[in-house]
1. Any residue in the range 19-47 that's part of a loop (DSSP other than H, G, I, E, B): show its pairings with residues that are among the acidic types (Asp, Glu) at Cβ separation under 7 Å, as long as the two are six or more apart or on different chains.
2. Residue 40 passes all but one of (1) under 12 Å from the mean Cα position of the chain (by Cα); (2) modelled with pLDDT under 95; which number fails?
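The values are calculated or read from the model by the stated rules, or taken from the named source; none is laboratory data. Since we're looking at a predicted model, the values are computed, not measured. Positions of Cβ are backbone-derived with ideal geometry, glycine not excepted, and every protein chain shown enters the neighbour counts.
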Amino acid sequence: MKICHWCHEELRFILGRGYIHRQGGIYAMVCRACGWKGALYPSPTACPQCGQGHELRDDHCARPEEAE
């Protein structure tokens with residue numbers, strides 16, 4: 001099992017896409033307007049919770065923790 005270096009969620013490996021978050025997206029996003037966070041696939045262009053597009057930002061990409 002691989003864990004995301006940034007958010008510590010479990011990651012899955014999909015051939016042709018690489019490591020993804022639980023919701024299916026490579027990029028975790030955050031809405032600065034309402035606080036929504038998620039990693040949907042495909043990445044939304046507007047917040048799925050409040051609809052704001054100009055406040056939706058990439059937070060981080062899926063990155064597996066390095067083995068110690």
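1. As it stands, the answer is 21/9; 22/9; 22/10; 32/55; 33/55; 47/55, since those pairs meet every condition given.
2. It fails just one condition, (2).
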